[in-house]
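Heads up, the thing below is written out as structure tokens.
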Amino acid sequence: MPKAFLVDTTRCTACRGCQLACKEWHDLPANETKQRGSHQNPPDLNPNNLKIVRFNERLTKEGVVVWNFFPDQCRHCVTPVCVDVADMAVPGAMIKDKKTGAVLATEKSAKLSPADAKAVAEACPYNIPRIDPKTKRITKCDMCFDRVSAGMQPICVKTCPTGTMVFGEREEILAVAQKRLAFAKERFPKAHLVDMEDVSVIYLLAEEKEHYYEYAGFM
């Protein structure tokens, strides 16, 4: 059965445990970085960071400072357009695993021309794929495919201390998402689920998506 995540941002404290655990599990090197006036670091997804926690700070009309945190990663779309675009150039460069629903960039992605790789990246409505300049491969979250295939949870879910992320069979996660939404609405009337029917990483947001990140949702 296809799998799914629920990412309940109302529970996220931006501890970035998920971000660091992802780097450690995938044995990814550190990035050279610097302070850019934001607690978000690094500033964007890159070949060494398949998941990052995005920070958005704003001042309300009432003069209240509000922080919104968004643990960004591949959405593992139900119908992944990146796979379709890649197949037109190099079949098998991007695949969707039928059992788990994971959308994966394979070693064949290194055979994509720079133009085709760019087309794959730009086709994503969530601005996720990145191209590793060293290996020429497309990089992105792989749903911890090795762990999930062995019956374990993705490392980000396993690490999260607040229950922000839940992972399991898609139908079960959809039910959990509706329950979490009903609970969240008691405190956050504008709470909603993002692109629930189209993705396998479903976000619960307390406010409109523009208060989180430009590509928080497609619809």
**Asked** Highest mean first, what order results for 179-188, 109-118, 64-73, 199-208 on Cβ atoms within 10 Å?
**Response** 199-208, 64-73, 109-118, 179-188
**Request:** With a Förster radius of 25 Å, plug the Cβ-Cβ distance of LYS98 and LYS158 into 1/(1 + (r/R0)^6) and report the FRET value to the nearest 0.05.
**Result:** 0.55
**Asked** How long is the gain from ALA150 to GLU171 if the chain were fully straight, where each residue apart is worth 0.36 nm and the alpha carbon distance is subtracted?
**Response** 5.5 nm
**Asked** In nm, to one decimal, how far is the modelled label at ASN127 from the one at LEU20, with both set 7 Å along Cα→Cβ?
**Response** 2.6 nm
**Item:** Two-decimal log10 I(q)/I(0) for the chain, as the Debye equation yields it once each C-alpha is a single scatterer, q = 0.13 Å⁻¹
**Value:** -0.74
**Request:** Run the quick spin-label model on VAL81 and LYS134: label points 7 Å from Cα toward the beta carbon, then report their separation in nm to one decimal.
**Result:** 3.2 nm
**Item:** Pairs of lysine residues in region 1-70 - Cα separation under 21 Å, sequence separation of 8 or more or cross-chain
**Value:** 4
**Asked** What residue among PRO161, PRO133, PRO91 shows peak mean-square fluctuation when the chain is described by a Gaussian network model with Cα springs under 10 Å?
**Response** PRO133
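None of the figures in this text is laboratory data; all of them are computed from the coordinates on show. Because the structure is predicted, anything quoted here is derived from the model rather than measured. Please note: Cβ atoms are built from the backbone with ideal geometry, for glycine as well, and neighbour counts cover all protein chains shown.
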